[in-house]
Amino acid sequence: MPNMTAFITRCCKRIEAGLPALALALLLLAAVAAHAGSIEPKRAALTPGEDGYTLSAEFAIDLGNRLEDAVARGVPLYFNLEFVLERGRKYWVNEHIVTRSLTYKLAYSSLMRQYRLSTGNLHQNFGSLAEAMRVVGRIAALPVVDKGLILAGEPYEAAVRLSLDRSQLPKPFQVDAIMDRDLQVDTKVLRWHFVAAATTP
């Protein structure tokens, strides 16, 4: 009997010693399985044209598993593209030149089995979420600044951001998104400086 007691004691100690490692492993697995989404700007530029400047930009979008599942079940998602241009000043705060915003609505139709992306009165249908997200994440030749607002040789600071509008989510999702990382999408602002070139007559 004493030998049996010693054996049981040793086994219990080994199990207890292994519990912290097991708990840590489970936490790591949970973190990998469910993660917050992200929208990361990759590049952005302003290009001069006849009437002013246009914006081109590219974003890497990861909605995360929970939001991808939500939109596939019929929950619409709204994305806001925001562009701001300011003129730098040495001894005062920057002068605001223009703010341009654009809203995208993404919804899934189970009847059509398509993702529908809407911007104002424009609509596009896609066979997969990945295709729709590529369009949202690529901005090409979007007019943002009228020619008369830009002065040649002056320094300017531009900023652009693409974000998920959580205020447009259904109320239960808005409440859950406050504490649930799986329903959050981290975003970053991309800023850059440029000097407008003189136009040739």
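Does segment 66-81 contain any residue that is out of contact with any Leu (no Cβ under 9 Å at 6 or more places or on another chain), touching a residue at least 40 places away in the same chain (Cβ under 8 Å) and on the phi < 0 side of the Ramachandran plot?
no
Hey, GLU58 hits all of (1) free of Cβ contacts under 8 Å to residues at least 60 places away in the same chain; (2) in contact with a Pro (Cβ under 8 Å, 6 or more places away or on another chain); (3) not polar (S, T, N, Q) but one; which does it fall short on?
The failed condition is (1).
Considering only segment 132-168, how many residues are outside any strand (DSSP E or B) and not acidic (Asp, Glu)?
Selection size over segment 132-168: 16.
No value in this document is a laboratory result; all are computed from the given coordinates. Since this is a predicted model, take the numbers as computed values, not measurements. Methodologically, a virtual Cβ is constructed for each residue, glycine included, from the backbone with ideal geometry; neighbour enumeration extends over all protein chains shown.
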